[in-house]
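Just below is one structure, and these are the notes that go with it.
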Amino acid sequence: MPVVGQSVPRKDGAAKVAGAAKYVDDITFPGMLHGRTIRATIPCGRIRDIRLDFDPAGFTIVDCSDIPGRNVVSLIEDDQPCLVEREVRHVAEPVMLLAHEDREKLLAAKVHIEYEPATPVYDAERSPAAHKHIVIEKGDLAKGFAKADLVVEGEYRTGHQEHVYIETNGFIAVPEDGGITVHGSLQCPFYVHKALKHLLGLPDDKVRVIQTEPGGGFGGKEEYPSMIAGHAALLALKARRPVKIVYDRAEDMWATTKRHPSVVRHRTGVMRDGRIVAMEVAVLLDGGAYVTLSPVVLSRGCIHAAGPYRCPNVRIEGRAAFTNTNPNGAFRGFGAPQTEFAVEVQMDRIAERLGMDPVRLREINALRPGDTTATGQIMGKDCSALMVLKEAVKRSGYRRKRRAWQGTNRGIGLALFYHGSGFTGSGEVRLASKCSLATTERGVLILVASTEIGQGTRTMHAQIVADTLDIPFEQVDVAVPDTAGVPDSGPTVASRTCMVVGRILERCAKEMKERLDGLGPGEHYRRHGPMVITKEYEPPPGIVWDDATYRGDAYATYSWACDVAEVELDPVTYEVKTRKMTVVHEFGRPIHPVLARGQIEGGTAQGVGYAVLEHVVMQDGAMANAQLTNYTIPTTLDTPRLDVVMLENPYPYGPFGAKGVGELPMDGPAPAIVNAMRHIGLDVREVPALPEVLMEKAGEAVMR
Amino acid sequence: MRLVLNGSPVEVVAHPMKRLLDVLREECGLTGTKEGCGEGECGACTVLVDGEAVCACLVPFAQVRDCAVRTIEGLGGDHPLQTAFTREGGAQCGMCTPGMIMAALALGPKPSLERIRVGLAGNLCRCTGYEAIYRAIQRAWQGEGVSKAVRG
Ligand code: FES
Ligand code: FES
């Protein structure tokens, strides 16, 4: 019986509900030491002196002079050191590492660092330095504005967001004959592999990275794990013993990456009938102190900045600025939640100025097959903007509620949004991901580096393979991501694990089926020995992209969604409760409806938190509320009831018609909720829209 | 110190001020109980002490002397709540799951949606948005599972 489209039991479900799944902190090795990171406490300056205020007997102590290879966390640019040499660029930057077998002694050890402080840059808008600059141009902007009946301008701001995966970051490094093996919570085994090779000066085969069960990632375990793995490895190599580093919540929040804060300025030219004829967008992201992933976050943010709309004349300019704060990094949505927030709030403001229904304005301008995006990509049949909009409006009763709630403390608002599946531009071609499928005694074994971070990788990949081979789901096993045993199928990011990696697996399974000569894989294995099929990524036909000009097909395809938020303002506390959200997504076809729905519900809840709750308080360049006590994520009581609809529009180049769904749900809740606040009469242009913001806006509304 | 752990009387030697969470994970080898924050905010460490849900990261070991302590491992793996969490997508990354299931168990049979929402307000899940957890708990108490779930 086919399993694609069925919600089969997830492969990792039984172990997880039994408490038997092993996360990094559940694992110990004989003779294992505990590691700790000594971090800078100033945002900018030089280290003059380091003094150990403890008896070093029994301790392993590592500083930058112990690094056998290059002192970098290798990623896009190799500018971030693994341990500070002299120059400090942000608070919490790692300076020194300690290990001891007794955790209490380890925590009690005091290290005194003397600095020569310099003047920090905190404000991205005033920062003289940029990590990356992007310009996207289409048509003739000046002509567009000249023609416009009305020009609407606006500035929109979004704050940091902390991932709050419930499992904090951690690694165990184990020295093994001339090399190192690290076990840890991560999304991208081969990122860590590459970083360790450079740091330790070791060849490929002397570095091994094994994934432990990750307790959530959301992008937060994309790049920073390379840093922690490096620290654990340095300590382990020096101590010649296994070393475990597991961050406590405060350290995890204080020291690791967050979502980039943004300032996005819009200038839009519209005709009185609602047609948008010119769009000028300036995107500023606060990149933090090192480049890390900022260039690619900016890139995705800019490409999504014009929203899912047709407009002949567009200019989008993006800048990721340097500041003396922790590098901001990957977080579900990767730049798109920031820019789609801005454009969707701008859309409602345009509608307001035109005296037009926000739905109507979107209907007029939404991308349709045959239209082109800002990068000049021509939309195909996989463009579903109008379909999701119509369904969401109908299903939520938007029009009726919009009328009925006018002038009350209840509001309803919506956001139309999209998200490109897979790496941006030529990213997938350059990644050249590989997957393997091997016959075994029991059936087949999937070999990929894509990790299970809760989203259901193992299950969904096994479904694709089972149906392609026409064998029972139970006969498909999935190997643990271990760089010594699996090919590099690329990082587990960018809504690519199903559509891109799943597609390669589908092709492996197709070829295997041909070569099995009608035998089952287990049978074939027993008769002829093992068969391994490996395939590499092949782009869908006709995809063209120019990195230099930012023109062409930015993504092979997009997924589409419309969120409708219903909110209620407490007139005394100025708290806004989101009561209900209608969430309509089109992402090709769900391979596993329960898992796909889980992505949508979970991502939507994160978006609700982003909109109204999650506030990173920055003080002197660092997160001042690095505790779950005062950084609040949605609880059961803050999360609205979610009415999720999954529409299908199978994509011919995805496995069984599937596109990406991991990040899409994060892009819409914040603008939908803020637009619902606008319906109440609150002119909000930033998130988190905290009660203090709303109180101020309510004051303005009265004054108007 | 004596206590009843997952139904069996045991004698555990540990510092009385050590957190129950650490005693369970380190002395008793029961790593199903998770640490998410260490400050009573996330509920990942929820266990039952004499039937009541508590955060094991806040309880000093001395406090459970002669008590009945129940952890996720005590549910055997096929408790209707566990089965329902798997089927309904109540567990994604699984890090909140043991605590979530123990907290759900403490709600008693057939809790209303409102009771579930209030009762689980101290258990954070960053993956699911909670809807699947509500579905799982409600499903656990339907049909064949019920009698077993009532027995616990
Ligand atoms: S670890 Fe106990 S409540 Fe978070
Ligand atoms: S399943 Fe990941 S935190 Fe709940």
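The values are calculated or read from the model by the stated rules, or taken from the named source; none is laboratory data. All values derive from a computational prediction rather than experimental measurement. Counting neighbours? That spans all protein chains shown, and the Cβs are built from the backbone with ideal geometry, glycine included. All accessible areas refer to the heavy atoms of the entire protein, side chains included, with ligands and DNA or RNA removed. Shrake-Rupley method; radii C 1.70, N 1.55, O 1.52, S 1.80 Å.
Here are the numbers for the structure shown:
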{"item": "Length-normalised contact order for chain A - Cα pairs under 8 Å, 6+ apart - percent", "result": "16 percent"}
{"item": "Distance between segment A:250-324 and segment A:402-419 - C-alpha centres, whole angstrom", "result": "24 Å"}
{"item": "Normalised contact order of segment B:76-151, rounded percent, pairs of Cα under 8 Å and 6 or more residues apart", "result": "48 percent"}
{"item": "Net charge of Cβ neighbours under 12 Å - reference residue A:575; Lys, Arg +1; Asp, Glu -1", "result": "-3"}
{"item": "Average other protein chain Cβ within 10 Å of Cβ, residues A:626-634", "result": "3"}
{"item": "Residue-normalised accessible area of the protein assembly as shown, given per residue in Å² at a 1.4 Å probe", "result": "35 Å²"}
{"item": "Loop-located trypsin sites (Lys or Arg not before Pro) in segment B:1-72 whose Cβ has at most 13 other Cβ within 10 Å (DSSP)", "result": "B:65"}
{"item": "Rounded FRET efficiency, nearest 0.05, which uses the C-beta distance separating residue A:617 from residue A:403 and R0 of 51 Å", "result": "0.85"}
{"item": "For B:26-38, mean number of other protein chain Cβ atoms within 10 Å", "result": "5"}
{"item": "Whether chain A is rounded, prolate or oblate, judged on the alpha carbon gyration tensor where a/c under 1.5 counts as rounded", "result": "oblate"}
{"item": "Trypsin sites (Lys or Arg not before Pro) within segment A:244-326, DSSP loop, no more than 14 other Cβ atoms inside 10 Å", "result": "A:272"}
{"item": "Surrounding net charge for residue A:374, when Lys and Arg each add one and Asp and Glu each subtract one, Cβ distance under 15 Å", "result": "-2"}
{"item": "Distance in nm between pseudo-label sites at residue A:353 and residue A:86 (7 Å out along the Cβ direction from Cα)", "result": "5.2 nm"}
{"item": "Interface B:A - total buried accessible surface [probe 1.4 Å, Å², rounded to 100]", "result": "3700 Å²"}
{"item": "Pairwise centroid distance, computed over Cα atoms, of segment B:31-97 with segment A:330-386, Å", "result": "44 Å"}
{"item": "Selection from A:180, A:419, A:291, by position along the positive dipole direction of the protein assembly as shown (Cβ)", "result": "A:419"}
{"item": "Point-to-point label distance, residue A:572-residue A:116, nm (Cα→Cβ direction, 7 Å offset)", "result": "5.9 nm"}
{"item": "Averaged over A:598-611, number of beta-carbon atoms from partner chains that fall within 10 Å", "result": "4"}
{"item": "Electrostatic dipole magnitude of the protein assembly as shown [Cβ: Lys, Arg +1; Asp, Glu -1; Cα centre; debye, to 20]", "result": "1960 debye"}
{"item": "Pairwise label distance in nanometres, residue A:108 with residue A:426, each label 7 Å out on the Cα-Cβ vector", "result": "5.9 nm"}
{"item": "Signed unit charges on C-beta, dipole axis of segment A:68-201, positive-most listed residue A:201, A:144, A:128", "result": "A:144"}
{"item": "Rel. contact order, % - alpha carbon contacts under 8 angstrom, at least six apart, chain B", "result": "24 percent"}
{"item": "In segment A:331-368, chymotrypsin sites (Phe, Trp or Tyr not before Pro) in a DSSP loop with at most 13 other beta-carbon atoms within 10 Å", "result": "none"}
{"item": "Cross-link pairs A:11/A:535; A:132/A:194; A:394/A:577; A:390/A:697; A:401/A:577 - those with Cα-Cα distance over 19 Å", "result": "A:11/A:535; A:132/A:194; A:394/A:577; A:390/A:697"}
{"item": "Highest-first arrangement of A:569-581, A:114-126, where packing means the average Cβ count within 10 Å", "result": "A:569-581, A:114-126"}
{"item": "FRET efficiency estimate (nearest 0.05) - Cβ-Cβ, residue A:527 to residue B:18, R0 45 angstrom", "result": "0.20"}
{"item": "Pairwise FRET efficiency - residue B:1 versus residue A:627, Cβ, R0 = 45 Å, nearest 0.05", "result": "0.90"}
{"item": "Within straight-line cross-link reach of residue B:18, lysines at Cα separation under 28 Å, skipping those fewer than 8 residues along the same chain", "result": "A:16, A:22, A:105, A:110, A:244, B:34"}
{"item": "Three-way shape label, segment A:50-200, alpha-carbon gyration tensor, a/c 1.5", "result": "prolate"}
{"item": "Between segment A:4-53 and segment A:464-516, the alpha-carbon center distance in angstrom", "result": "27 Å"}
{"item": "Residue-averaged 222 nm ellipticity for chain A, from DSSP H runs of 4+ at -39500 (n - 2.57), nearest 500", "result": "-8500 deg cm²/dmol"}
